[in-house]
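Every number here is computed from the coordinates shown, using simple stated rules; none is lab data. Everything quoted here is computed from the prediction, not taken from an experiment. Using ideal geometry, Cβ is built from the backbone for each residue, glycine included, and neighbour counts are taken over all protein chains shown.
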Protein chains: 2
Amino acid sequence: MRYAVLGTGIVGRTLAGRLSGLGHEVVVGTRDPATTLARTGAGPMGTPPYAAWQAGHPGIRLAAFAEAARDGEVLVNATAGQVSIAALTGADAGHLDGKLLIDVANPLDFSRGFPPGLDPVDRDSLGELIQRTFPGLRVVKTLNTMNCAVMVDPGRVAGEHHVFLSGDDADAKKSVRELLNSFGWAESAVLDLGGIETARGVEMVLPLWLRLMGTLGHTDFNFHLQGAEGSGSWGGH
Amino acid sequence: MRYAVLGTGIVGRTLAGRLSGLGHEVVVGTRDPATTLARTGAGPMGTPPYAAWQAGHPGIRLAAFAEAARDGEVLVNATAGQVSIAALTGADAGHLDGKLLIDVANPLDFSRGFPPGLDPVDRDSLGELIQRTFPGLRVVKTLNTMNCAVMVDPGRVAGEHHVFLSGDDADAKKSVRELLNSFGWAESAVLDLGGIETARGVEMVLPLWLRLMGTLGHTDFNFHLQGAEGSGSWGGH
């Protein structure tokens with residue numbers, strides 16, 4: 001499969017690296033490749049410059065959003081939530097219609113400092129906003145409730161823990177389930193919440209997640225829904 | 001200990017019954033006891049009328065908010081979140097200053113139907129709003145992330161799962177820990193998130209919780225934070 005991962009931060013790199021390691025063809029999308037490659041300083045979270053990362057991943061191509069979206073059969077939104085719509089608008093020139101978009105982003109709003117708020121929030125979500133703005137995409141929200149290292153390697157967290165799915169297209173969710181399985185997520189760990197409007201619930205977990213990160217002092221944790229096992233309601237949704 | 005449980009719904013009744021069963025003196029607070037006792041129909045969720053419940057709990061007195069708050073050494077806010085401030089304003093005539101208030105409410109806003117939104121949300125929370133409005137109270141937010149039957153009997157959910165604490169007063173949180181222990185919560189199951197501003201995170205879990213209730217078709221579930229055990233950061237905060 002050919003994946004276009006939109007976003008060059010640590011989340012995009014982690015997903016791109018994992019997908020490439022699984023044998024997929026991966027192109028990373030950015031607003032302006034020349035600008036991205038010219039950066040030499042560390043990012044806000046101490047992330048090394050993209051060029052340094054790319055040197056270690058020569059098989060992963062960097063392209064403008066539109067070119068990446070054109071070449072990818074499946075798109076992954078790993079941009080910062082506040083710029084996701086702008087990024088996808090740029091990508092739209094590459095024809096998004098009909099494609100699966102896996103949305104792992106959170107609409108964190110740092111405009112008033114830390115801790116961030118969310119925008120949109122409560123009666124809306126980034127997942128819904130993307131689906132509404134680009135109705136031709138088949139949007140599946142997933143993986144946004146954990147650190148990116150856990151996304152692609154759930155075994156980093158000992159014991160059972162869960163990943164959620166939200167989306168309106170059953171076939172799209174089935175494809176995402178298979179991808180999650182290939183990352184190491186057991187079938188029983190994937191919890192289908194329903195339509196894309198359920199993205200509200202998983203995005204609104206972020207304030208608690210950020211607080212837990214601060215209290216624990218690490219990011220190798222995740223939520224496990226205790227008491228879900230007996231219901232038998234999860235499989236195959 | 002003398003507890004005043006504010007709110008006559010299923011959450012208030014469950015907490016009042018459990019506290020009474022543990023040997024505490026319990027008074028339940030309501031806006032107007034005569035009105036509450038005169039109701040004969042079931043509540044919106046099929047809850048039996050209060051008078052029927054009280055008949056089975058003759059040791060638990062019903063009183064107006066101010067009288068309940070005056071008599072209780074510890075207060076429990078189990079009112080609907082949208083009326084909590086009004087209820088506490090009524091209770092304030094009974095002198096709230098210096099008392100511990102255990103806030104288990106969620107600011108669910110059903111004004112636009114189901115699923116409810118939250119108000120306040122994102123940059124504020126009900127827990128903070130209560131603390132700000134009644135600075136003499138020592139507010140501890142806890143237990144709001146689960147069904148009330150699980151609050152008072154964590155063994156209903158098999159395996160390990162967690163309850164959170166948010167509050168500015170260390171002694172108040174210590175008292176709440178002890179109460180939680182008496183409900184059956186192990187010391188390791190109680191996760192102290194920090195100050196009352198962390199109530200934002202736990203209140204914003206509600207949209208996901210409500211969705212899970214719908215998908216699972218039951219309420220005997222709770223969140224377990226997988227990966228927290230190794231940190232050693234929780235105890236004694």
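Taking amide H as placed 1.01 Å from N in the peptide plane, A:ASN106 has its amide H under 5 Å from the amide H of A:GLY81, each at least 5 places away in sequence or on another chain.
Computed over the range B:117-197, relative contact order equals 34 percent, with contacts defined as Cα pairs under 8 Å that lie 6+ residues apart. For the range B:105-111, 3J(HN,Hα) computed residue by residue from phi via the Karplus equation (6.51, -1.76, 1.60; θ = phi - 60°) reads 7, 10, x, 5, 10, 8, 5 Hz, glycine and proline entered as x. Shown for A:THR40: label points 7 Å from Cα along the beta-carbon vector, and their distances to the equivalent points in the other copies, 8.5 nm in ascending order. FRET efficiency for the B:LEU37 to A:ASP119 pair, using the beta carbon distance and R₀ = 45 Å, is estimated at 0.50. Using the Cα gyration tensor of the range A:161-216, with a ≥ b ≥ c the square roots of its eigenvalues, what is the shape: rounded (a/c below 1.5), prolate (a/b larger than b/c) or oblate (neither)? Here the range A:161-216 falls in the oblate category.
Amide H contacts for B:VAL26 (H built 1.01 Å from N in the peptide plane; partners 5 or more residues away or on another chain; cut-off under 5 Å): B:TYR3, B:ARG61. Along the range B:79-87 the Karplus relation, 6.51 cos²θ - 1.76 cosθ + 1.60 evaluated at θ = phi - 60°, assigns HN-Hα couplings of 7, 4, x, 6, 10, 4, 5, 4, 4 Hz to successive residues, with x for each Gly and Pro.
For the residues B:PRO115, B:PRO58, B:PRO207, a GNM of chain B with alpha-carbon springs under 10 Å puts the largest fluctuation on B:PRO58. The Cα trace of the range A:2-225 gives Rg and Dmax of 16.3, 44 Å, the first to one decimal, the second as a whole number. Exactly which trypsin sites (Lys or Arg not before Pro) in the range B:36-95 are in a DSSP loop and have at most 15 other Cβ atoms within 10 Å? When the trypsin sites (Lys or Arg not before Pro) of the range B:36-95 are filtered for loop state and at most 15 Cβ neighbours within 10 Å, B:ARG39 remain.
Only helical runs count toward this figure. For chain A, summing -39,500 (n - 2.57) over DSSP H runs of n ≥ 4 and dividing by all residues gives -9500 deg cm²/dmol at 222 nm. Per-residue 3J(HN,Hα) values for the range B:52-57, derived from phi via the Karplus relation 6.51 cos²θ - 1.76 cosθ + 1.60 with θ = phi - 60°, read 5, 5, 4, 4, x, 9 Hz in sequence order (x marks Gly and Pro).
Considering the protein assembly as shown, its Cα convex hull presents a mean projected area of 22.0 nm².
Annotation note: chymotrypsin sites (Phe, Trp or Tyr not before Pro) in the range B:107-213 located in DSSP loop regions with a Cβ neighbour count of at most 12 within 10 Å are B:PHE110. Shielding of peptide A:213-222 by partners, expressed as the average count of other chain Cβ atoms within 10 Å per residue Cβ, is 5. Under the rule a/c < 1.5 gives rounded, and otherwise a/b versus b/c splits prolate from oblate, where does the range A:76-202 land using the Cα gyration tensor? Taking the square roots of the gyration eigenvalues as a ≥ b ≥ c, the range A:76-202 is oblate.
Computed on chain A, with alpha-carbon pairs under 8 angstrom and 6+ residues apart, the relative contact order is 17 percent.
In chain B, what percentage of the DSSP-assigned beta bridges are antiparallel, given to the nearest 5? In chain B, DSSP labels about 15 percent of beta bridges as antiparallel. Spin-label model, A:MET213/A:LYS174: points 7 Å from Cα along the beta carbon direction are separated by 3.5 nm. The label-point distance for B:ALA158 and B:ALA86, in a model that sets each label 7 Å from Cα toward Cβ, rounds to 4.4 nm. Bridge orientation summary for the protein assembly as shown: considering DSSP beta bridges with both residues in this region, about 25 percent are antiparallel. Near the amide H of A:ASP192, within less than 5 Å, lie the amide hydrogens of A:LEU165, all on another chain or at least 5 residues away, with H placed in the peptide plane. Net length available on complete extension from A:THR47 to A:SER111 is 21.0 nm, with 0.36 nm assigned per residue and the Cα-Cα distance removed.
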